[in-house]
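First up is the structure itself, then whatever we jot down about it.
The values are calculated or read from the model by the stated rules, or taken from the named source; none is laboratory data. The model shown is predicted, which means the values in this text are computed figures rather than measured ones. No Cβ is skipped: glycine too gets one built from the backbone with ideal geometry, and neighbour counts run over all protein chains shown. Only protein heavy atoms, including side chains, enter the accessible area calculation; ligands, DNA and RNA are left aside. Shrake-Rupley method; radii C 1.70, N 1.55, O 1.52, S 1.80 Å.
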Amino acid sequence: MERTIYREIRATPQVMQLGGLLAAFILAALWSVYTVEHHGHVITGMTNQIVWGLPHVFAIFLIVAASGALNVASIASVFGQKAYKPMARFSSLLAIALLVGGLAVVVLDLGRPDRLIVAMTTYNFSSVFAWNVLLYNGFIVIVGGYLVLQMMRKVDPRLVKAAGLVAFLWRLALTTGTGSIFGWLVARPGYDAAIMAPLFIVMSFAFGLAVFILVTLWLFTLSGRIFGDALLIRMGRLLGIFAAAVLYFTAVQHLTNLYATEHGGVERFILRDGGIYTLLFWGVQVVIGGLAPIALVFLNPSRSSTVLAATLVIIGGFAQIYVIVIGGQAYPLDIFPGFDVIEGFNEGIVNPYAPSIYELLLGLGGVAIALFAAGLGAKVLRVLPTNLSDANLPADR
């Protein structure tokens, strides 16, 4: 077994081409931001009823995946699984990159990005959004410090483990805060559920690991490095467990809402009568993003099955967040419980939503920012090992 050696990726023609493609998506997103800011949000699909649109779906997915991308580093440092240690550096870097990409979408969709200064200097501690500003900034600082410790030549392993534990606990708090944005919104029957916090935590485990698998393989292929089947299949099985956990917590969420009479209407909407939302829930979220990946990694464990399972988990995860965010707003608000509104402004009707090209470009731009940042980090920092072949895999014990 060779000693683990970390090297920057070389600027090959393939790397440069991919970097140029990501830069093009970023420029398209900036054009979209300029156009929306010039004409107003009226040109998007968002309305007074659907105030969080497709960009917010991308942003929340990236933020949730950022927490989960730290899985590998946490497994190595906190839980002592040495097989994951060679990938811990890139795990930390990817977590920061994904969070930056997600936050970029949120900031650029404000219409007035300069108003972010107000959010950074004036805190309303009774708002869960203000808590999340602190959690996001703290995550970048803590994981950044954790990455520096991992890259130091001479450092006490106990210090690295302690930093990893702090980063692990902080990421749990971060995802809890993100889930609580929805769980504490009692005005929306599709959101009002305490289980949103643990649901978002297990979602982060699955989505983040799936993104990590695909991005790491992508970089290893571009740089001509070896990624062994044994470790990849092992990560695939772990991904299957996380996907099963997401299905379990999703089932608990909906069974609990079905038991509560006040949530019966929104449950019928999502599970049976919601049209596109029902299709996304059962067809994409449950089948494609849940059952199919579990079957792939456990019934036919292989390299190709793991890659396909990770891809399906990402597709299903995006659909899940779309159903939560958009579906939860599409269902009408119950402004006056126990009464029927005869005349009003869109009360009692399902709110339509059709995302615009501007929203799509902004969301894809956030993904491009995250991937470009991760690739640039791997280009200038020694975070990727040169060899992860089966023979070079360190034993856990």
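What FRET efficiency do you get for residue 17 and residue 261 if R0 is 45 Å and r is their Cβ-Cβ distance, rounded to the nearest 0.05? According to the calculation, E is roughly 0.20. Annotation: for a label point projected 7 angstrom from Cα along Cα→Cβ of residue 251, residues of region 181-203 with backbone N closer than 17 Å are 199, 202-203. Region 137-212 and region 282-306 have Cα centres separated by 25 Å.
Placing a pseudo-label 7 Å from each Cα along the Cα-to-Cβ vector at residue 161 and residue 43 gives an inter-label distance of 5.7 nm.
Looking at the square roots a ≥ b ≥ c of the eigenvalues of the Cα gyration tensor of region 1-101, which shape do they give, rounded for a/c under 1.5, prolate if a/b is larger than b/c, or oblate? Judged from the Cα gyration tensor, region 1-101 comes out oblate (a/c at least 1.5, b/c at or above a/b).
Computing Rg and Dmax of the Cα atoms in Å for the structure here picks out one of [x] 21.6, 71; [y] 21.5, 63; [z] 21.4, 75, namely [z]. For trypsin sites (Lys or Arg not before Pro), the sites in region 133-203 that DSSP calls loop and that have at most 11 other Cβ atoms within 10 Å are 153, 154. Annotation note: trypsin sites (Lys or Arg not before Pro) in region 1-90 located in DSSP loop regions with a Cβ neighbour count of at most 13 within 10 Å are 3, 10. Membrane-span-like helices of the chain, defined as complete DSSP H segments with a Cα extent of 20 Å or more along the helix axis and a mean Kyte hydropathy of at least 1.0, are identified as 54-69, 88-108, 128-151, 196-222, 229-259, 303-322, 357-380.
Calculated accessible area for the chain comes out at 46 Å² per residue, all protein chains present (probe 1.4 Å; ligands, DNA, RNA ignored). Helical content of the chain, expressed as a calculated mean residue ellipticity at 222 nm, amounts to -21000 deg cm²/dmol (DSSP H runs of 4 or more residues, -39,500 (n - 2.57) each, divided by residue number, nearest 500). Between residue 141 and residue 116, the modelled labels are 1.7 nm apart [label points 7 Å from Cα along Cα→Cβ]. Size descriptor for region 77-226, Kirkwood hydrodynamic radius: 17.3 Å (Cα pairs only, one decimal). Annotation: extensible slack from residue 154 through residue 273 equals 36.8 nm (criterion: 0.36 nm per residue apart, minus Cα-Cα distance). Here the spin labels are modelled as points 7 Å beyond Cα on the Cα-Cβ line, and at residue 302 and residue 390 they lie 1.4 nm apart. Taking 0.36 nm per residue of separation and subtracting the Cα-Cα distance, full extension of the segment from residue 229 to residue 34 would add 65.7 nm.
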